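Here the structure is laid out as structure tokens; the discussion comes afterwards.
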Amino acid sequence: MRPALGKLKTRIATGVGSTVAVCTATVYTIMGAGTVAPVTQYQPGAQIDAGRWQVVPHRAWISKAERVYGVRVQPGQQALVVEVDLNNRSASSSRAYNDTLKPKWPADAKPENPDVALLRDSKMIPLLHPGMPERVAYVWVLSGSVSLPEKMPIEVIAQTYKPVDNLYGTPLWTNPKVIGQFTLPLDIATAPATGTLPAASSAAGSTERVS
Amino acid sequence: MKRRLATLALILIAAAVLFAMQRTTPRYDELTGAIPVRAGMHETASTRLFDIEVQRVQFARKIAYRYIGKDVVLTTSGLWAIVTASLTARSESMSITRGFWDGPQGLRYEQSDRAVNPPHMTPIRLDPGLSTLGRFLFEVRPDQVGDATLVVWPSGLPPRLDAEAHIALDDLPRAADGALEVADLVSLNRLDGAQP
């Protein structure tokens, strides 16, 4: 009996590392299997603070025209166009907005990265400056055979700001995470009316008096 | 007892010194960053590769220029800021592709990319000994106008352990009562700002 118990003790002592590892993995698996917290739902027109960007969703539509906001759509393809106001919340001008919106695609859709166009003068990949909201269109070109739902859920992805990174000590935007979702009705093949441009920034009224 | 207290005090002092050193360690980025060469408007800032003297700053709600036989008018959600500078290369031909408008709170506005090939705009080609007039065009928020700095470096990556020009924009167009003068429309076709 005694030698057997001693053996057990030795075994536990020597295997304590792997025991802890196995237990931790089990605990994490159990925790991960639980229900995922629901993402925040936003309405069109809501201001969504998504890390570097503030997003105000406006409308979405499907285009089968040859060209939409300067983006070429080949025959047999369609384009999902999502119009939002983007406001740069960071301290420097930036073009890093491509990964901010992510539509929840049906299983057979394999879209490429979106093209982003400024609506003010149809400029592609515009540079957006701090605190100056602009209306832009995200255009995803995808195969014409894909049928998109009538109401398109779109996820908003935010990155976190790190003032100094560990290597160079420079500011860094990192760790993309879904922070919310909005759903826009898709008006199939509606030609866009000229959208109203976003209002000038709130400070515009004080233009004449700058100290 | 006294010795113990002395040891404790020494340990505390050592901890404080180590903490201060940890907090104030310069980052790699700061140690090898750009070396600013500061000047005001109407003064020459001499960097290693070029000299720059900012002559004029204009503000406008709209800009206009002629491009391939068409008149282009551009609006903005803030203000257009047009900086005119005289530039000279120092030892070899080079070019300057962009500038930055640093606002009073440290917001950095990169040169606007919306105007396509307006005249006298960046990229500005510089040759040694030949002074060239060039323009930098920005879209800025109206509250980023006072105490701003123009930052210019030669084309390419931000300079490391090399000079970049920091020009304090201290001579802005102002009316007699100190209010900023904002033109409704500025034509970029001519450097003096007159209509073509």
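The values are calculated or read from the model by the stated rules, or taken from the named source; none is laboratory data. Predicted model, so just to flag it, every value in this text is computed and none were measured. Using ideal geometry, Cβ is built from the backbone for each residue, glycine included, and neighbour counts are taken over all protein chains shown. When the accessible area is computed, the model is the full protein with side chains, heavy atoms only, and any ligands, DNA or RNA have been set aside. Shrake-Rupley method; radii C 1.70, N 1.55, O 1.52, S 1.80 Å.
Here are the numbers for the structure shown:
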| quantity | calculated |
| --- | --- |
| Hits in segment A:136-166 - residues which are in a loop (DSSP other than H, G, I, E, B) and within 14 Å of chain B (Cβ to nearest Cβ) | A:Pro163, A:Val164, A:Asp165, A:Asn166 |
| Some residue of segment A:80-94 being open to solvent by less than 30 Å² (accessible area, probe 1.4 Å), of a type in the set (Val, Ile, Thr) and either assigned to a loop (DSSP other than H, G, I, E, B) or within 30 Å of B:Val151 (Cα to Cα) (or both) | no |
| Residue tally, condition charged (D, E, K, R) and over 18 Å from A:Gly131 (Cα atoms), over segment B:99-143 | 3 |
| Residue list for segment A:123-143, filter: of a type in the set (Gly, Ala, Ser) and exposed (fewer than 15 other Cβ atoms within 10 Å of the Cβ) | A:Ser143 |
| Every residue from segment B:14-36 that is open to solvent by 100 Å² or more (accessible area, probe 1.4 Å) and of a type in the set (A, V, I, L, M, F, W, C) | B:Leu18, B:Phe19, B:Met21, B:Leu31 |
| Strands (runs of 3 or more DSSP E) fully within segment B:74-123 counting 2 or more residues that are more than 13 Å from chain A (Cβ to nearest Cβ) and touching a strand residue (DSSP E or B) at 6+ places or on another chain (Cβ under 9 Å) | B:79-89, B:94-96 |
| Failed criterion for A:Ala37 (all others in (1) open to solvent by less than 60 Å² (accessible area, probe 1.4 Å); (2) free of Cβ contacts under 8 Å to residues at least 24 places away in the same chain; (3) not β-branched (Val, Ile, Thr) hold) | (1) |
| Per-region count, segment B:8-62, residues within 14 Å of chain A (Cβ to nearest Cβ), farther than 30 Å from B:Thr84 by Cβ and among the aromatic types (Phe, Trp, Tyr) | 1 |
| Qualifying residue in segment A:58-75 (condition: touching a residue at least 40 places away in the same chain (Cβ under 8 Å), within 14 Å of chain B (Cβ to nearest Cβ), farther than 14 Å from A:Leu118 by Cα and touching a Ser or Thr at 6+ places or on another chain (Cβ under 6 Å)) | no |
| Count of segment B:138-162 residues which are open to solvent by 20 Å² or more (accessible area, probe 1.4 Å) and part of a strand (DSSP E or B) | 1 |
| Test: residue in segment A:167-179 that is open to solvent by less than 40 Å² (accessible area, probe 1.4 Å), in contact with a Lys or Arg (Cβ under 9 Å, 6 or more places away or on another chain), within 12 Å of chain B (Cβ to nearest Cβ) and modelled with pLDDT of 75 or more | yes |
| Filter result for B:Leu10 (out of contact with any Cys (no Cβ under 6 Å at 6 or more places or on another chain) and closer than 23 Å to B:Asp143 by Cβ) | no |
| Qualifying residue in segment A:51-68 (condition: of a type in the set (D, E, K, R), in a strand (DSSP E or B) and open to solvent by less than 60 Å² (accessible area, probe 1.4 Å)) | no |
| Selection count, segment A:97-122, where residues are in contact (Cβ under 8 Å) with a residue 40 or more places away in the chain and open to solvent by less than 50 Å² (accessible area, probe 1.4 Å) | 8 |
| Pairs where the first residue, in segment B:85-103, is over 10 Å from B:Ile52 (Cα atoms) and the second is of a type in the set (D, E, K, R) and in a strand (DSSP E or B), C-beta under 6 Å, 6+ apart | B:Ser93/B:Asp127; B:Ser95/B:Arg125; B:Phe100/B:Arg108; B:Phe100/B:Glu110; B:Asp102/B:Arg108 |
| Residue satisfying all of: in segment B:38-49; over 17 Å from B:Asp147 (Cα atoms) and not in a loop (DSSP other than H, G, I, E, B); most open to solvent (accessible area, probe 1.4 Å) among these | B:Thr44 |
